[in-house]
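Notes for the one structure printed next.
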Amino acid sequence: MNKHRYCAAFAALLALVACNKNEPAVTACSEPGSPAIVNVRIDAPQTRATVADTPQEATVSTLDVCAFRGDVLDAHGQNNGTSLTLSATQGPRTLYAVVNTEESLTSVSSLSGLQQKVSLLANNTRSRFVMTGMKSQTLGATTSVDMDVERLAARFKIDKITNKLTNPTQASSFIITRIFLTNVVGNICYDASQASSIRWFADSKLNDSSAPNDLIYRKLNSPASVSYNNSHTTSYSFYTYPNSNAQKNTLLVVEAKIAGQFYTYPLLVAGTVERNKSYEVKELVITRVGNPSDGDDDIEGDENKPIQSSQATITINVLDWEQVLIGENGTITI
C-alpha cells in the first residue's frame with residue numbers, strides 16, 4: 001500500500017513539473033480558456049499603400065483566420081470577404097490571416113505548420129493575390145480585431161520608355177517588342193521564408209508552358225515603334241515572389257528591335273526583392289543599343305546581363321506595395 005502511495009505521489013510531482021515548463025509542456029497541460037467570440041476585419045494592402053495599386057491587385061475573395069495558443073490551433077474560421085466571426089477561447093492568442101488561400105486550411109493544427117505551407121506564384125492571378133498577416137491579441141468574451149495583410153508577391157512596374165538613341169539610323173528604327181522578368185522565384189512559404197527547394201522561372205527560357213506567363217511576360221501584340229525623342233507611355237506590371245539570391249537577381253527586361261537587330265535592356269532594379277513592394281521604373285531613357293539578342297525565348301549569352309549603372313540613368317521607387325524608383329527619380333538613361 002505504501003508502495004502504491006509513493007508511486008501516486010511521484011506521478012503527481014512529475015505532472016506538476018511538466019505543467020510548469022515552457023512550451024510545449026504548458027500547451028499540453030493548460031486548459032483552453034472560456035469561450036470567446038472574435039470579430040475579425042482585415043485591411044487589404046491598398047488601405048495602407050504609399051502608391052496606388054489597382055482594385056484587382058487588392059481583391060479579397062476568401063479570408064481564413066486561425067487563432068493559436070502558443071503553437072497549437074485554438075480555432076479556425078473561413079469566409080468570403082474581408083471579415084468573419086471566429087469562435088475561439090479567451091486568453092493570449094496569435095491570430096494568423098490568409099487571404100485568397102490556394103488550398104483548404106482545415107487540416108492546419110499548428111502555427112509553425114501554417115507558416116511553412118508553400119505558396120506557388122502560379123496560383124496567383126492579376127486579380128487574386130495570396131496575402132498573409134499575423135497579430136498577437138488577448139481575447140476576451142467578445143473581441144473586435146483589425147488585421148493587416150500583405151501580398152506575398154512583389155511588383156515590378158515600368159511606366160515610360162523614351163527613345164533618345166544618338167545614332168539617327170538607329171533612332172528612326174526603334175521598336176519595343178517585349179517586356180518581361182527573368183530569374184523569377186515561383187514558390188515561397190506563407191511567412192515569406194524561402195522554400196526548401198526554389199522553383200525558378202525565366203532563368204533559361206521565356207514564355208515557358210509551365211510558367212505563370214501572364215504575371216511575368218508580355219509580348220506586345222502590336223510592336224511599339226517610337227520615334228526619336230518620343231516615348232511609349234503604356235504602363236506594364238509584372239510579379240515575382242521574394243528573391244534574396246545574389247547569384248540570380250530578378251531583372252526587369254525591355255527588348256527592342258533596332259535597325260533589324262534585337263537588343264535587350266536588363267535592369268537590376270533591386271538586389272533583394274521583398275514581398276508587397278512595388279519596384280517602379282518611372283522612365284527608361286534609351287541612348288544606345290543594349291545587349292545583342294536573337295529575339296527568341298531562350299535566355300543565353302549576354303541577353304540577361306544587367307545594364308551597368310555607368311551606362312544608365314534609372315529612377316526607382318520602393319513603397320508599400322512599396323514603390324521603388326530606379327535611378328534618379330525613376331528615370332533610367334542608357
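Taking Lys and Arg as +1 and Asp and Glu as -1, the other residues whose beta-carbon sits under 14 Å from that of Ser210 total -2. Pairs spanning more than 26 Å between alpha-carbon atoms, out of Lys164/Lys277; Lys248/Lys282; Lys157/Lys257; Lys277/Lys305; Lys117/Lys305; Lys117/Lys160: Lys164/Lys277; Lys117/Lys305; Lys117/Lys160.
Need one number: % antiparallel among DSSP beta bridges in the stretch 154-333, to the nearest 5. Intermediate values should be presented prior to the final figure.
Details: 40 of 54 bridges.
Antiparallel bridges: around 75 percent, rounded to the nearest 5.
Projected label points at Thr233 and Asp298, each 7 Å from Cα along the beta carbon direction, are separated by 4.0 nanometres. Take each peptide in 147-160, 220-233, count the other Cβ atoms within 10 Å of every residue, and average; sorted highest first, the result is 147-160, 220-233.
Once both labels are positioned 7 Å from their Cα atoms along Cα-to-Cβ, the gap between Glu274 and Asp203 label points is 2.4 nm. Electrostatic tally near Glu102: other residues with Cβ closer than 13 Å to its Cβ, Lys and Arg +1, Asp and Glu -1, net 0. Over the C-alpha trace of the stretch 31-151, radius of gyration and Dmax come out as 14.2, 46 angstrom. Let me see the pair-distance distribution of the stretch 154-333: every alpha carbon pair, 5 Å bin width, integer percents in order. The distribution over the stretch 154-333 is 2, 9, 18, 22, 22, 15, 8, 3, 1, 1, 0, given as percents. Applying 0.36 nm per residue to the separation of Gln247 and Ser136 and subtracting their alpha-carbon distance, the gain on full extension is 36.3 nm. Calculate the spin-label point distance for Arg218 paired with Asn80, positioning each point 7 Å from the Cα along the beta-carbon direction, and give it in nanometres. Output for this residue pair reads 3.1 nm.
Here, each number is a calculation from the coordinates, and none is a lab measurement. If you're wondering where the values come from, they're calculated on a predicted model, not measured in any experiment. Neighbour counts run over all protein chains shown; Cβ positions are idealised from the backbone, glycine included.
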